[in-house]
1. Kindly state which strands (runs of 3 or more DSSP E) lie completely within the range B:77-165 and contain at least 1 residues that are within 29 Å of residue A:91 (Cα to Cα) and β-branched (Val, Ile, Thr).
2. Considering each residue of the range A:86-118, count those that are among the hydroxyl-bearing types (Ser, Thr, Tyr) and within 11 Å of chain B (Cβ to nearest Cβ), and give that number.
3. What number of residues within the range A:10-50 are farther than 30 Å from residue A:128 by Cβ, in contact with a helix residue (DSSP H, G or I) (Cβ under 8 Å, 6 or more places away or on another chain) and part of a strand (DSSP E or B)?
4. Are any residues in the range B:51-69 outside any strand (DSSP E or B) and of a type in the set (Lys, Arg), and if so, which ones?
5. When the residues of the range B:36-53 are filtered to those that are over 13 Å from the mean Cα position of the chain (by Cα) and surrounded by fewer than 18 Cβ atoms within 10 Å (Cβ to Cβ), which remaining residue is nearest to residue B:156 (Cα to Cα)?
6. Counting only residues that are of a type outside the set (A, V, I, L, M, F, W, C) and more than 15 Å from the chain's Cα centre (by Cα), which one in the range B:62-75 is farthest from the other protein chains (Cβ to nearest Cβ)?
7. So, in the range A:76-85, exactly how many residues are at the interface with another protein chain (Cβ under 7 Å from one of its Cβ atoms) and open to solvent by 50 Å² or more (accessible area, probe 1.4 Å)?
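The values are calculated or read from the model by the stated rules, or taken from the named source; none is laboratory data. Since the model is a prediction, treat every value here as computed from it, not as a measurement. In this analysis, Cβ positions are derived from the backbone assuming ideal geometry, glycine residues included, and neighbour counts consider all displayed protein chains. Side chains are part of the model used for accessible areas, which takes the heavy atoms of the whole protein and leaves out ligands, DNA and RNA. Shrake-Rupley method; radii C 1.70, N 1.55, O 1.52, S 1.80 Å.
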Protein chains: 2
Amino acid sequence: MGDTEFIIEPGRQDIVIKREFDAPREIVYRALTDPALISNWWGPRRYETIVDEFEPRAGGRWRFVNRNAQTGEEHGFHGVFHSATPELIVQTSEYEGYPGVPALEWMELDETNGKTRVTAVSLAPSVEARDMVVASGMEEGARETYDRLAEVIDGLKTPASSAGF
Amino acid sequence: MGDTEFIIEPGRQDIVIKREFDAPREIVYRALTDPALISNWWGPRRYETIVDEFEPRAGGRWRFVNRNAQTGEEHGFHGVFHSATPELIVQTSEYEGYPGVPALEWMELDETNGKTRVTAVSLAPSVEARDMVVASGMEEGARETYDRLAEVIDGLKTPASSAGF
């Protein structure tokens, strides 16, 4: 399992996450944008993710609900896509428990030698909003999300491509 | 003509613009979101604004082209709306001459005693991108845009409402 790197500098409005996946960009992009796969990786493992809307294209909407199967506790998240291409995905993201101005999130996918480096930035509307997200335990949840995403990506690789052909 | 206030602090990623309009929020919101009015206020006076798309609702798209009638020079801008209500409009904004990660823009409308205070924030993906926008002469263009918007708003007020009834 690869490492997920977090860059969270004091006084800034952004959270930067970096992760390398052992798969070509096309596979990583498919894992990120296939609606049928979202619930297999989005969010911490202890929550079920219900995909209410998911249209990864300019002007498309998305809405996910995280549901704790034990307690029934639910958390909704939604936003719109500004763009979605294998090189760059840009979207807004609003936590429905804290409505108002959303974060701007973007993900760059760079492929080198059959591996894909993902750089994801979440830009909050203020330093305070960014710090609140960090204090909520975001890092633990995101680490789990990226590990789960790596598992989904591994599952998409054919025997031929994983052998380097 | 009222004053447009700019808050542009060094090392930050945002530009904050404040302006008070002598009209209730409903009128200001109408000026901001009526597609037929956009070309009367959006952009500097020396450009014609062509409205290609404009759907002020969650997931709606917008695209404007600024055209210099003398030189034929054109500048395209586009984005998506995250939300659009009389209290808060949130959208992305990409200048097509500099494609990639857009700015996140939001506008809060607060009404007090029949006047509406607008606070508009443009949050760039980096300090460098913010500084590039500032260096491009944004302030002069935005000042003109807000003056033109005030004129459109004045035109929407009925004699009764402008007399304070």
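1. Values: elements: B:88-95, B:103-112, B:115-123.
Answer list for the range B:77-165: B:88-95, B:115-123.
2. 2
3. Summing the residues that are farther than 30 Å from residue A:128 by Cβ, in contact with a helix residue (DSSP H, G or I) (Cβ under 8 Å, 6 or more places away or on another chain) and part of a strand (DSSP E or B) in the range A:10-50 gives 2.
4. Residues of the range B:51-69 outside any strand (DSSP E or B): B:55-60, B:69.
Hit for the range B:51-69 is B:57, nothing else.
5. Looking at residues that are over 13 Å from the mean Cα position of the chain (by Cα) and surrounded by fewer than 18 Cβ atoms within 10 Å (Cβ to Cβ), I get B:36.
6. B:70
7. Summing the residues that are at the interface with another protein chain (Cβ under 7 Å from one of its Cβ atoms) and open to solvent by 50 Å² or more (accessible area, probe 1.4 Å) in the range A:76-85 gives 0.
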